[in-house]
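Participant: The structure is given below, and queries will be raised subsequently.
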Amino acid sequence: SAKELRVVPIAGDVARAFVKKHHYSGKVANNSSLHFGVFLNARLHGVMQFGPPLDKSRLIGLVSGTKWGDMLELNRMAFDDELPRNSESRAISVALRLIRKRYPSIEWIVSFADGTQCGDGAIYRASGFVLTAVRPNTTLMKMPDGSVIANTTLNTRVMPDGRSAMSHARENGAVPLSGYQLRYLFFLNPLARDRLTCSILPFSEIDRAGARMYKGIRGENNSPGGTTTGEGGVTPTSPLHSEKVTDHA
């Protein structure tokens, strides 16, 4: 049963190894600083990683009055196929509760669902996140060889001729990956919701925009048990304790 899961802080190297094996991208977020493992019968079946956004200055204004250390981003979330139904949403709810308990200064969490390769965020909706953006993808580039690279990587990499790697990639046929990026927020401090500077969208906006995706299949309906990814954070300083999953987030 999903109620028998345990959510425990784990070492970064253990988390990264699991993410490389089970995340659809096969890539880790090097900025992750807080790692949770999801265990069932003493075996690791899932990982959630939190860390600072790559471009925090562009996100921090989503909630007015947010200080530099007041928010987190969910950078990566990966689960294997052996967990019971609804395990993912239960696990993320416990991780959020642990963060709220141990780091009360953190007021909100941001994460992104990748509707170009994975899903439209069923886990976030099941875990109490609100939807704040559904936008055509502009951040993931499909390279001529079929690989996918984030534009932040291309924009910061310089070629031998002095041009950005992005300019070089576009000249050689790189294009934005077809699909959507969806942005979700969760308020650890309910009062922070009153300071939100953008609109909360109804979940029906996903269908209206044609952004529905489940496990990489476009147009499919999502179930709360599906797998997705996330990105956002701050560096915690004291240890977290394990906590058994319950029905109450």
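The values are calculated or read from the model by the stated rules, or taken from the named source; none is laboratory data. Note that the coordinates shown come from a computational prediction; the quantities given were computed from them, not determined experimentally. All Cβ positions, glycine included, derive from the backbone under ideal geometry; neighbour counts span all protein chains shown. In case anyone asks, the SASA skips ligands and DNA or RNA and just uses the protein heavy atoms, side chains included. Shrake-Rupley method; radii C 1.70, N 1.55, O 1.52, S 1.80 Å.
Participant: Does the stretch 74-137 come out rounded, prolate or oblate, given a ≥ b ≥ c as the square roots of the eigenvalues of its C-alpha gyration tensor, rounded meaning a/c under 1.5 and, failing that, prolate meaning a/b above b/c?
Facilitator: It is oblate, given that a/c is not under 1.5 and a/b is not larger than b/c.
Participant: Order the peptides 36-42, 181-187 from the highest to the lowest mean number of other Cβ atoms within 10 Å of their residues.
Facilitator: 181-187, 36-42
Participant: If R0 is 30 Å, what FRET efficiency do you get for Thr197 and Asp145 from their C-beta distance, rounded to 0.05?
Facilitator: Taking R0 as 30 Å, the efficiency between Thr197 and Asp145 is 0.15.
Participant: Check which residues have an amide H placed less than 5 Å from Met141's amide H, if you skip close sequence neighbours.
Facilitator: For Met141, the qualifying residues are Ile149, Ala150, Asn151, Leu177.
Participant: Go ahead and set up a Gaussian network model of the chain, Cα springs under 10 Å, then flag whichever of Ala95, Ala78, Ala17 fluctuates most.
Facilitator: Result for the chain, Cα springs under 10 Å: Ala17 fluctuates most.
Participant: What pairs in Lys20/Lys67; Lys20/Lys215; Lys56/Lys101 have C-alpha atoms more than 27 Å from each other?
Facilitator: Exceeds cut-off: Lys20/Lys67.
Participant: Here's a follow-up. Give me the net charge of Val134's neighbourhood, meaning all other residues with Cβ under 9 Å from the Cβ of Val134; Lys, Arg count +1, Asp, Glu -1.
Facilitator: So the surrounding residues net to +1.
Participant: Something else: Quick one: among Val14, Val134, Val94, which has the greatest mean-square fluctuation in a GNM of the chain with alpha-carbon springs under 10 angstrom?
Facilitator: In this elastic network of the chain, the residue with the biggest mean-square fluctuation among Val14, Val134, Val94 is Val14.
Participant: Using each residue's phi in the stretch 160-167, evaluate 6.51 cos²θ - 1.76 cosθ + 1.60 at θ = phi - 60° and report the 3J(HN,Hα) Karplus result to the nearest Hz, with x for Gly and Pro.
Facilitator: Each residue of the stretch 160-167 in turn: x, 7, x, 7, 6, 5, 5, 4 Hz.
Participant: Rounded to the nearest 0.05, what FRET efficiency do Arg6 and Thr138 give with R0 = 41 Å and r taken as the Cβ-Cβ distance? Could you check?
Facilitator: 0.60
Participant: Here is a further query. Rounded to a whole number, what % of the accessible area of the chain do carbon and sulfur atoms account for, probe 1.4 Å?
Facilitator: Carbon and sulfur atoms account for 51 percent of the accessible area of the chain.
Participant: Still on this structure, please answer the following. Please get the size of the charge dipole for the chain, origin at its Cα centre, with Cβ charges of +1 on Lys and Arg and -1 on Asp and Glu, quoted in debye to the nearest 20.
Facilitator: With only Lys, Arg, Asp and Glu charged at Cβ, the dipole is about 260 debye.
Participant: Another question, then. Given a 1.4 Å probe, how much area per residue of the chain is accessible, in Å²?
Facilitator: I get 47 Å² per residue for the chain.
Participant: For helix 12-22, what angle does its Cα long axis make with the longest principal axis of the chain, in degrees from 0 to 90 and rounded to 10?
Facilitator: 70 degrees
Participant: Would you kindly find the accessible area of Glu82, with a 1.4 Å probe and non-protein molecules such as ligands, DNA and RNA excluded, rounding to the nearest 10 Å²?
Facilitator: 110 Å²
Participant: I would also like to ask the following. Between Ala209 and Lys27, what FRET efficiency follows from the Cβ-Cβ distance if R0 is 25 Å, with the result rounded to 0.05?
Facilitator: E(calc), rounded to 0.05, equals 0.45.
Participant: Moving on. What list of ³J(HN,Hα) couplings, whole Hz, do you get for the stretch 33-50 from phi and the Karplus terms 6.51, -1.76, 1.60, once you set θ to phi - 60° and write x for glycine and proline?
Facilitator: Each residue of the stretch 33-50 in turn: 10, 10, 10, 10, x, 10, 10, 9, 6, 6, 10, 7, 10, x, 9, 10, 10, 10 Hz.
Participant: Let me ask something else. Tell me, how many Å apart are the Cα centres for the stretch 84-100 and for the stretch 1-23?
Facilitator: Comparing the Cα centres of the stretch 84-100 and the stretch 1-23, I get a distance of 12 Å.
Participant: Which whole-number percent gives the relative contact order of the chain, counting Cα pairs below 8 Å spaced six or more residues apart?
Facilitator: 30 percent
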